[in-house]
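The structure under discussion appears below in the form of structure tokens.
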Amino acid sequence: MTAFTPLETAILQAACDQHPEHARVLRAQIATATINARENTGSGFYTDIEIDPGSPKFAPPKFLSDVLVTLAGGVRLHCLVFARFGHLAMIEAFTMNEDTGAIDFRTAPFSPPIPDTTAGATRH
């Protein structure tokens, strides 16, 4: 199992905080998750998550969380957590026209996630 980065962990914790009714199952999935792939897109990143098919499932919408994180240097990331068939599936983080190609998301300092309340952000 590949460990989540501190940034990924904070984003996933925010999903648990935003869905307390599913937090126990989410935390159980996070504890045994496998990272299939990570990609720095140049304007953010994707983390593809695999959960054991036998793990407990939850019944939230496909879209779980929408938070903002500010990296050192002021780069703001809009961070989304998605689920598929009751399991965590992906973290997507993106900027609004900022270059992230040189950022190492594994070690980049960041502020604690806050709910994204920008227009159209809350899609729960």
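The values are calculated or read from the model by the stated rules, or taken from the named source; none is laboratory data. This one's a predicted model, so the numbers in the text were calculated from it and none came from an experiment. Neighbour counts are summed over all protein chains in view; Cβ atoms, including those assigned to glycine, are modelled from backbone coordinates with ideal geometry.
Of note:
One line per residue, one yes/no per condition, for (1) among the β-branched types (Val, Ile, Thr); (2) in a loop (DSSP other than H, G, I, E, B):
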{"residue": "Ala15", "(1), (2)": "no, no"}
{"residue": "Ala31", "(1), (2)": "no, no"}
{"residue": "Ala59", "(1), (2)": "no, yes"}
{"residue": "Thr70", "(1), (2)": "yes, no"}
{"residue": "Met96", "(1), (2)": "no, yes"}
{"residue": "Ile103", "(1), (2)": "yes, yes"}
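- Here Thr9 meets each of (1) at pLDDT below 95; (2) part of a helix (DSSP H, G or I); (3) over 21 Å from Thr118 (Cα atoms) with one exception, condition (1).
- The conditions of being of a type outside the set (A, V, I, L, M, F, W, C), closer than 21 Å to Ile35 by Cα, surrounded by fewer than 11 Cβ atoms within 10 Å (Cβ to Cβ) and out of contact with any Asp or Glu (no Cβ under 8 Å at 6 or more places or on another chain) are met by Gly101.
- Val69 meets all of the listed conditions (1) closer than 22 Å to Thr2 by Cβ; (2) in contact with a helix residue (DSSP H, G or I) (Cβ under 8 Å, 6 or more places away or on another chain); (3) at pLDDT below 95; (4) of a type outside the set (Gly, Ala, Ser) but one, namely (3).
- Consider segment 43-67 and keep the residues that are surrounded by fewer than 18 Cβ atoms within 10 Å (Cβ to Cβ) and in contact with a Lys or Arg (Cβ under 9 Å, 6 or more places away or on another chain). The one that is nearest to Phe94 (Cα to Cα) is Tyr46.
- Filtering Asp116, Asp52, Asp104, Asp48 for residues that are more than 22 Å from Thr2 (Cα to Cα) and among the charged types (D, E, K, R) leaves a single hit, Asp116.
- Just so you know, in segment 1-42 the residues that are surrounded by fewer than 16 Cβ atoms within 10 Å (Cβ to Cβ) and hydroxyl-bearing (Ser, Thr, Tyr) include one that is nearest to Asp66 (Cα to Cα), and it is Thr9.
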